[in-house]
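The values are calculated or read from the model by the stated rules, or taken from the named source; none is laboratory data. Remember, predicted model here, so these are calculated numbers, not experimental data. Cβ: placed from backbone, ideal geometry, glycine included. Neighbour counts: every protein chain shown. With ligands, DNA and RNA removed, areas are computed over all heavy atoms of the protein, side chains included. Shrake-Rupley method; radii C 1.70, N 1.55, O 1.52, S 1.80 Å.
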Amino acid sequence: MADKYDVIVVGAGPGGMTAALYAARANLNVLVLDRGPYGGQMNNTDAIDNYPGFTEIKGPELSQKMYDTLMKFEPDYKYGNVQTVALDGNEKVIKTDDDHEYRAPILIIATGSDHRHLGVPGEEEYSGKGVSYCAVCDAAFFKDEDVTVIGGGDSAIEEGIYLAQLAKSVTVVHRRDELRAQPTLQKRAFANKKMKFVWNAQTEEIVGDGNRVTSIKYRDKETGEEKELPTAGVFIYVGVLPQTAPFKELGILDDQGWIVTDDHMKTKVPGIFALGDVREKDLRQIANAVGEGSVAGQAAYNYYQDLKDRN
Ligand SMILES: Cc1cc2nc3c(=O)[nH]c(=O)nc-3n(C[C@H](O)[C@H](O)[C@H](O)COP(=O)(O)OP(=O)(O)OC[C@H]3O[C@@H](n4cnc5c(N)ncnc54)[C@H](O)[C@@H]3O)c2cc1C
């Protein structure tokens, strides 16, 4: 027997929690499902200094505050790793990996994105043995060591600055000759005495001794020379991938796998909305995930009223 709701929100990051808050506050019967801790990517972020209302706040603390606000409106909150979504008339049929089935006329997708892999030899072999995608999770293992960050965007530089608090040195290896990160982050990184930069460097291999990472090999794109950089840890931030595998059959993804919506967060399937990092868009941040969550929650309410009027 399936559990029935008015609205099911998949993903309890900042976007999903806000959408659920708006829908539950409008008196809809809401279920939130997540396969991890509430807060999503905020749990992997140390200090957030660009979310209005807080001069600076730790990611897990902001997650807790958003969760507490959401729970005031009493939605159901359950663990669930969503595997498939099918359509049965107006109903969306959601199945999780523990064989639970949930049904609702409205599905809100807020499953975010995950880190992209570099795809070089040694990356998989040394994952968890010096290769990491989360400085907040793993920095403590590299106290007073020389570590490397690969990438040049916001996440790479933010995490590099975080690592520099504990590590002996942080070398940012970037394939271009300038960073893409926001100017304020760049300024802080360039002023940090523990941070060094290697430009125009294409990482080609992560090398280890069988147990742990010992160095990376990269090609200098200007000279073509192959070089080796000794390091105890490699933190990789080279982009993100949409978390949309369960939604492939719905015909709502673009050719890169991101979900396409209109300004009301509606996908082309009536009753399915999407918001936050999982959407096809330019800027992936907490502030706009929250903003889109409010739009999706309200749009879900309007859709529910229309359905009621028609029946
Ligand atoms: C290292 C790092 C630092 C960052 N720093 C900042 C910053 O300082 N300021 C800022 O504004 N933004 C920052 N961001 C970006 C910000 O965290 C994201 O933009 C934001 O969390 C997106 O929110 P979301 O709700 O769309 O998705 P997410 O936060 O990614 O949440 C998605 C949720 O969906 C769940 N999920 C996924 N698939 C399934 C499934 N199949 N079944 C069930 N649950 C599922 C996941 O477990 C997760 O909890 C940072 C990101 C990273 C990685």
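So who's got an amide H within less than 5 Å of the one on Val9, skipping anything under 5 residues away but keeping other chains? H placed 1.01 Å off N, in plane.
Leu31, Val32, Leu33, Ile108
Using just the helices of the chain, give the 222 nm mean residue ellipticity in deg cm²/dmol: DSSP H runs with n ≥ 4 each add -39,500 (n - 2.57), and the total is spread over all residues, rounded to 500. Before the final figure, lay out each step's value.
Details: 6 runs with 74 residues, N = 311.
When only DSSP H runs of four or more count, the value is -7500 deg cm²/dmol.
Report, to one decimal in Å, the Kirkwood hydrodynamic radius for the stretch 131-236 based on all distinct Cα pairs.
On the way: mean 1/r = 0.0736 Å⁻¹.
Taking every pair of different Cα atoms in the stretch 131-236, averaging 1/r and inverting gives 13.6 Å.
When N is the residue count of the stretch 1-64, what does its C-alpha Rg come to as a fraction of 2.2 N^0.38 Å? Don't skip to the end; give the middle numbers.
Details: Rg = 13.7 Å, N = 64, 2.2 N^0.38 = 10.7 Å.
That works out to 1.28 for the stretch 1-64.
Give a residue-ordered list of calculated ³J(HN,Hα) values for the stretch 238-252 (Karplus: 6.51 cos²θ - 1.76 cosθ + 1.60, θ = phi - 60°; whole Hz; x for Gly, Pro).
My calculation for the stretch 238-252 gives 10, x, 10, 10, x, 9, 10, 3, x, 10, 4, 6, 7, x, 10 Hz in order.
With θ set to phi - 60°, apply the Karplus curve 6.51 cos²θ - 1.76 cosθ + 1.60 along the stretch 174-185 and write out the HN-Hα couplings as whole Hz, x wherever there is a Gly or Pro.
Coupling constants for the stretch 174-185: 10, 7, 10, 9, 8, 7, 9, 4, 4, x, 5, 5 Hz.
What GluC sites (Glu not before Pro) in the stretch 217-248 are in a loop by DSSP, with at most 15 other Cβ atoms within 10 Å of the Cβ? List each step's numbers first, then the result.
Numbers: sites: Glu222, Glu225, Glu226, Glu228; in loops: Glu222, Glu225.
Answer in residue order: Glu222, Glu225.
Between rounded, prolate and oblate, where does the stretch 195-311 land on the alpha carbon gyration tensor, with a ≥ b ≥ c its root eigenvalues, rounded for a/c under 1.5, else prolate if a/b exceeds b/c? Write out the running numbers ahead of the final one.
Values: a/c = 3.41, a/b = 3.18, b/c = 1.07.
Since a/c reaches 1.5 and a/b is larger than b/c, the shape of the stretch 195-311 is classed as prolate.
Can you tell me the accessible area per residue over the stretch 131-236, all protein chains present, probe 1.4 angstrom, in square angstrom?
Ligands and nucleic acids excluded, the result is 50 Å² per residue.
Given +1 on the Cβ of Lys and Arg, -1 on the Cβ of Asp and Glu, and no further charges, what dipole in debye does the chain carry about its Cα centre, rounded to the nearest 20? Write down the numbers at each step before the final one.
On the way: 35 positive and 48 negative charges, 121 e Å.
Taking the Cα centre of the chain as origin, the dipole is about 580 debye.
Taking every eigenvalue of the Cα gyration tensor of the stretch 82-129, multiplying by 5 and rooting it, what semi-axes result, largest first, whole Å? All intermediate terms of the calculation are to be shown ahead of the outcome.
On the way: eigenvalues 249, 31, 14 Å².
So the three semi-axes of the stretch 82-129 are 35, 12, 8 Å.
Check which residues have an amide H placed less than 5 Å from Thr171's amide H, if you skip close sequence neighbours.
Val147, Thr148, Val149, Lys196
In whole angstrom, how long is each semi-axis of the equivalent ellipsoid of the chain, when you take the square root of 5 times every eigenvalue of its Cα gyration tensor and sort them from largest down? Kindly include the intermediate steps, with their values, before the conclusion.
Working: eigenvalues 321, 79, 59 Å².
After scaling each eigenvalue by five and taking roots: 40, 20, 17 Å.
Report the one residue of Gly224, Ser169, Gln182 whose Cα lies farthest in the direction of the positive end of the charge dipole of the stretch 131-236 (charges on C-beta: Lys and Arg +1, Asp and Glu -1; origin at the Cα centre).
Farthest towards the positive pole: Gln182.
Near the amide H of Thr261, under 5 Å away, which other amide H atoms are found, from residues 5 or more places off or on another chain, if H is placed in the peptide plane?
Here Glu280 satisfy the definition.
Given a 1.4 angstrom probe, I'd like the percentage of the accessible area of the stretch 131-236 that is carbon and sulfur, rounded to a whole number.
On the way: 2350 of 5290 Å².
Here it works out to 45 percent.
Convert each backbone phi in the stretch 132-142 into a coupling constant with the Karplus relation 6.51 cos²θ - 1.76 cosθ + 1.60 (shift: θ = phi - 60°), then list the ³J(HN,Hα) values in order as whole Hz, x for Gly and Pro.
9, 10, 8, 5, 4, 6, 10, 3, 4, 6, 10
Between the stretch 78-120 and the stretch 212-256, what's the alpha-carbon centroid distance in Å?
After rounding, the separation between the Cα centres reads 26 Å.
Using a ≥ b ≥ c from the Cα gyration tensor of the stretch 9-140 (square roots of the eigenvalues), is it rounded, prolate or oblate, where a/c under 1.5 gives rounded and otherwise the larger of a/b and b/c decides, a/b for prolate?
On the way: a/c = 2.75, a/b = 1.31, b/c = 2.10.
Here the stretch 9-140 falls in the oblate category.
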